[in-house]
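The structure under discussion appears below in the form of structure tokens.
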Amino acid sequence: MNNNSQKNQTMLYLASDELMQTHLTCTKISNRNKDEFTFSIRVFCYVEKNNSYAKSVPLYLILGLNKQGVGMSLAVDLVNIPNVCPMQLKKIIEHLQKSPALLLIVCQQLDKIASSSSIEEAVQAKLAKHFFIENAPKGITSFTTNRQANELYWLMQKNQMISDMDSFKLDGEGGHIAFTVQIGFKHDFIMQCYEVDCMMHMFNEDEKLGYYFELYLDQENYHHQLLYETLPDQFMDNKTFLNQVLEEMKKRNEEQYDDYLQDLIEKFTASI
């Protein structure tokens, strides 16, 4: 029973940008506890679906700061994240508690309360802020990019792998379609996220379909190099992506390129 439970545990990764920085949002919750200022902290994470896909999920922390400046509480809302790996969650929470981003957004909320409330509540907000700053972990968490992180993940947003897919266009050189894809590399409990703007070109090459990808990346960057090397083949192996492109091709209705387009569609369909 215990072994099965461990096998079914959800692996959770804290989302960061390319520079390994975490982005948080903070909202004040009213009337939750009359003795506390209560805030909902939202941060995005990724749940590992299988060896190459991860799905975006929000993680909510409920932070309570005593109005007399004598304590604070922290609760984690796991409604959207079933059976999460406890050690993974512990690392994420400890990391967030050290985050300068958390300190900044909570202090901003307390400053807002202090400047727009009654004299009594303004004093309470200042006491809570003083306690929060005094008890925040010392120092700024520093990050380095682990160059060994070369396992590429497709990051799903609202169950979609591709975002901002443009309409399929035709010109004298063939067809092309622009789109954006989210890719991640995992580092222990952090998912380093990259948003990649791409363009797929295709054309008739004798009796075959010719194609190539433009990826708008910096080849001086280690992970960008990996994306250049691996993404084109991964796109062509991904049936979901190929069928999305095919649907966009079928939507076109241009008399000028009708025969050419139909030939492209037939060859592209055969290649899927």
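Quickly run through segment 217-272 and pick out the residues that are among the acidic types (Asp, Glu) and closer than 14 Å to Cys198 by Cβ.
The initial filter retains those residues of segment 217-272 that are among the acidic types (Asp, Glu), namely 218, 220, 229, 233, 237, 247-248, 254-255, 258-259, 263, 266.
Scanning segment 217-272 gives Asp233, Glu248.
Applying the selection to segment 45-68, what residues are assigned to a loop (DSSP other than H, G, I, E, B) and of a type outside the set (Lys, Arg)? Spell out how you get there, then give the answer.
We begin by selecting, within segment 45-68, every residue assigned to a loop (DSSP other than H, G, I, E, B); these are 49-52, 67-68.
Matches in segment 45-68: Asn50, Asn51, Ser52, Gln68.
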Task: Meets criteria (in contact with a helix residue (DSSP H, G or I) (Cβ under 7 Å, 6 or more places away or on another chain) and either at pLDDT below 90 or not acidic (Asp, Glu) (or both)) for Met165 - done: yes
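Looking at Thr22, Thr38, which one is hydroxyl-bearing (Ser, Thr, Tyr) and without any contact (Cβ under 8 Å) to a residue 60 or more places away in the chain?
Every option except Thr38 fails the conditions.
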Task: Pairs, first of a type in the set (Lys, Arg) in segment 229-247, second at pLDDT below 90 and surrounded by 12 or more Cβ atoms within 10 Å (Cβ to Cβ), C-beta under 8 Å, six or more apart - done: none
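Would you mind stating whether Lys112 is more than 30 Å from Ile183 (Cα to Cα), at pLDDT 90 or above and not aliphatic (A, V, I, L, M)?
Yes, satisfied.
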Open item on the list: Looking at segment 69-83, can you tell me whether even one residue there is in a helix (DSSP H, G or I), surrounded by 13 or more Cβ atoms within 10 Å (Cβ to Cβ) and within 20 Å of the chain's Cα centre (by Cα)?
Closed with: no
- [ ] Looking at (1) part of a helix (DSSP H, G or I); (2) surrounded by 12 or more Cβ atoms within 10 Å (Cβ to Cβ), find the lone condition where Met87 falls short.
- [x] (2)
- [ ] Just give me the residues in segment 210-229 being in contact with a strand residue (DSSP E or B) (Cβ under 6 Å, 6 or more places away or on another chain) and either over 30 Å from Leu19 (Cα atoms) or surrounded by fewer than 14 Cβ atoms within 10 Å (Cβ to Cβ) (or both), in sequence order.
- [x] Gly210, Tyr211, Tyr212, Glu214, Tyr216
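Please go through segment 10-41 and give me each residue that is of a type outside the set (D, E, K, R), part of a loop (DSSP other than H, G, I, E, B) and touching a Cys at 6+ places or on another chain (Cβ under 8 Å), ordered by number. If you could, list the steps in order and put the result at the bottom.
Of all residues in segment 10-41, those of a type outside the set (D, E, K, R) come to 10-16, 19-27, 29-31, 33, 37-41.
Right, trim to part of a loop (DSSP other than H, G, I, E, B) and you get 11, 19-23, 30-31, 33.
Met11, the sole residue that qualifies.
The values are calculated or read from the model by the stated rules, or taken from the named source; none is laboratory data. This is a predicted model, so every value here is computed, not measured. All Cβ positions, even for glycine, are placed from backbone atoms using ideal geometry, and neighbour counts span all protein chains on display.
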